[in-house]
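Trainee: Submitted below is the structure of interest, expressed as structure tokens.
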Amino acid sequence: MPELPEVETIMQGMRPALEQRFLQKVQVNRPDLRRPFPAHLKETLTQRRIIKLYRRAKYILADLEGGWTLLIHLGMSGRIFIDPPGHPIEERRHEHVVMITDEHTRLALVDPRRFGMVDLFRTEEAAHYPPLASLGIEPLDDGALTPEHLKHALGKSLTPIKNALLDQKRIVGLGNIYVCEALFRASIHPARPATQLTNKERERLCMIIPEILHEAIKAGGSTLRDYVTTDGEKGTFQTMHQVYGREGEECIFCAQHHKKTALIMRITQSGRSTFFCPQHQRK
DNA sequence: ACATGACCCTGTGAGC
DNA sequence: TGCTCACAGGGTCATG
């Protein structure tokens, strides 16, 4: 579910509750999500101070005292609920991990589909820790997403640009929504072989991708169904979607640029929906 | 080395 | 009302 803007929003929402706090009580309600939890999860977290929270790709990371780092991935349906001290606790399904801080703030990881992940690794091993080791360009880092770096990341790959931009080994943070939106704004057909993009097209992507991600973070992310921020608020970026979920509707870009009316199409690429305008996103 | 498809799981909404 | 089907924001394997 959550792509970079949603993960960033959630992480920022967790910060005031977690940074510099001790975890007074940790409840682990099942043995695994996509993978087994580390056997020592509860023991390692309990009574430990959280130094800082940050994000890499779509992972939420927390450095803990004693050299451990906690990693949380929300998969497709993962959410974090934060209940302030004294808040009545409502009954929620799929609360897999619950953490209560020394200030009595309650954080619950809820993930109905269980595609998420919770793990621990030694902080100094981050560069060799498999889920993080092979990640690609972090698009919001200063100087990271340049046309040259993007060219290198796409390499000689003949895979469709849509799939290449979803591949976290090349560039991180984009998911199905933001890839569709980026290609739409950059006027690039999603089926174009990745390696065959022109310099101009790579330049446009390098402008547009951070632009969209920043706008989406500002809007608190996109809520399609059930995504909510840690305050329980919905994101509002879905109202700014220009193609995603708009199959059969009129292309906004073509309407603005006095082109002939065009209708948004939906195709399937590697089993996932792609939305695009067949008129201005040229092959 | 690379690309594709199956798979992991539950929930929801559309259509009958 | 209740059923079946398609589809959902992601990542990892096995296979070719």
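The values are calculated or read from the model by the stated rules, or taken from the named source; none is laboratory data. Not measured: the values here are computed from a predicted model. Here Cβ is always computed from backbone atoms with ideal geometry, including for glycine, and neighbour counts include all displayed protein chains. Just so you know, the surface numbers come from the protein's heavy atoms only, side chains and all, with ligands and any DNA or RNA stripped out. Shrake-Rupley method; radii C 1.70, N 1.55, O 1.52, S 1.80 Å.
Okay, residues lined up against (1) more than 16 Å from the chain's Cα centre (by Cα); (2) away from DNA strand B (no atom under 16 Å from the Cβ); (3) in the same structural domain as A:Ile60 (by TED's automatic domain parsing); (4) among the β-branched types (Val, Ile, Thr):
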residue	(1), (2), (3), (4)
A:Ile89	yes, yes, yes, yes
A:Glu103	yes, yes, yes, no
A:Pro112	yes, no, yes, no
A:Glu124	yes, yes, yes, no
A:His128	yes, yes, yes, no
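Trainee: Here's a follow-up. In the list A:Arg170, A:Arg225, which residue meets the criterion of being of a type in the set (Lys, Arg), outside the structural domain of A:Ile60 (by TED's automatic domain parsing) and more than 16 Å from A:Ser270 (Cβ to Cβ)?
Mentor: Values: A:Arg170 fails: more than 16 Å from A:Ser270 (Cβ to Cβ).
Among A:Arg170, A:Arg225, only A:Arg225 is of a type in the set (Lys, Arg), outside the structural domain of A:Ile60 (by TED's automatic domain parsing) and more than 16 Å from A:Ser270 (Cβ to Cβ).
Trainee: Do you know which of the residues in the range A:254-269 that are open to solvent by less than 90 Å² (accessible area, probe 1.4 Å) and within 16 Å of DNA strand C (Cβ to nearest atom) is nearest to A:Leu166 (Cα to Cα)?
Mentor: A:Gln269
Trainee: Quick one: what pairs do we get from the range A:60-73, first residue charged (D, E, K, R), second open to solvent by 30 Å² or more (accessible area, probe 1.4 Å) and not in a strand (DSSP E or B), C-beta under 7 Å, 6+ apart or different chains?
Mentor: Here the result reads A:Asp63/A:Thr123; A:Glu65/A:Arg48, each pair linking the range A:60-73 to a residue that is open to solvent by 30 Å² or more (accessible area, probe 1.4 Å) and not in a strand (DSSP E or B).
Residue-wise test of (1) open to solvent by 10 Å² or more (accessible area, probe 1.4 Å); (2) more than 16 Å from DNA strand B (Cβ to nearest atom); (3) touching a residue at least 60 places away in the same chain (Cβ under 8 Å); (4) among the basic types (Lys, Arg).
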site: A:Gly155; (1), (2), (3), (4): yes, no, no, no
site: A:Asp167; (1), (2), (3), (4): yes, no, no, no
site: A:Arg170; (1), (2), (3), (4): yes, no, no, yes
site: A:Asn199; (1), (2), (3), (4): yes, yes, no, no
site: A:Leu205; (1), (2), (3), (4): no, yes, no, no
site: A:Tyr227; (1), (2), (3), (4): no, no, yes, no
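Trainee: Kindly indicate whether A:Gly245 is under 30 Å from A:Thr105 (Cα atoms), within 16 Å of DNA strand C (Cβ to nearest atom) and in a loop (DSSP other than H, G, I, E, B).
Mentor: Judged against the criteria, A:Gly245 is not a match.
Trainee: If a residue has to be without any contact (Cβ under 8 Å) to a residue 12 or more places away in the chain, in a loop (DSSP other than H, G, I, E, B) and more than 19 Å from A:Ile177 (Cβ to Cβ) to count, how many in the range A:248-273 make the cut?
Mentor: Looking only at the range A:248-273, we keep the residues that are without any contact (Cβ under 8 Å) to a residue 12 or more places away in the chain, and these are A:252, A:255-256, A:258, A:261, A:268, A:271.
With in a loop (DSSP other than H, G, I, E, B) added as a condition, the list becomes A:258, A:261, A:271.
Remaining after also requiring more than 19 Å from A:Ile177 (Cβ to Cβ): A:258, A:261.
Here the count works out to 2.
Trainee: Do any strands (runs of 3 or more DSSP E) entirely within the range A:1-91 hold 1 or more residues that are over 12 Å from A:Leu107 (Cβ atoms), and if so, which? Before the answer, list the steps.
Mentor: Working: elements: A:23-28, A:50-56, A:59-64, A:68-73, A:79-83.
Fully inside the range A:1-91 and qualifying: A:23-28, A:50-56, A:59-64, A:68-73.
Trainee: What single numbered condition from (1) hydroxyl-bearing (Ser, Thr, Tyr); (2) more than 26 Å from the chain's Cα centre (by Cα); (3) within 16 Å of DNA strand B (Cβ to nearest atom) fails to hold for A:Ser77?
Mentor: (2)
Trainee: For A:His149, which of the numbered conditions (1) within 24 Å of A:Ala17 (Cβ to Cβ); (2) surrounded by 13 or more Cβ atoms within 10 Å (Cβ to Cβ); (3) more than 11 Å from DNA strand C (Cβ to nearest atom); (4) modelled with pLDDT of 95 or more fails to hold?
Mentor: (1)
Residue-by-condition table, conditions (1) part of a helix (DSSP H, G or I); (2) over 29 Å from A:Gln238 (Cα atoms); (3) among the hydrophobic types (A, V, I, L, M, F, W, C); (4) within 16 Å of DNA strand C (Cβ to nearest atom):
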residue: A:Asp141; (1), (2), (3), (4): no, no, no, no
residue: A:Ala153; (1), (2), (3), (4): yes, no, yes, yes
residue: A:Lys156; (1), (2), (3), (4): no, yes, no, yes
residue: A:Asn163; (1), (2), (3), (4): yes, no, no, yes
residue: A:Lys169; (1), (2), (3), (4): no, no, no, yes
residue: A:Gly173; (1), (2), (3), (4): no, no, no, yes
residue: A:Cys180; (1), (2), (3), (4): yes, no, yes, yes
residue: A:Leu205; (1), (2), (3), (4): yes, no, yes, no
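Trainee: From (1) under 30 Å from A:Val26 (Cα atoms); (2) touching a Ser or Thr at 6+ places or on another chain (Cβ under 9 Å); (3) surrounded by fewer than 18 Cβ atoms within 10 Å (Cβ to Cβ), pick out the condition that doesn't hold for A:Asn176.
Mentor: (1)
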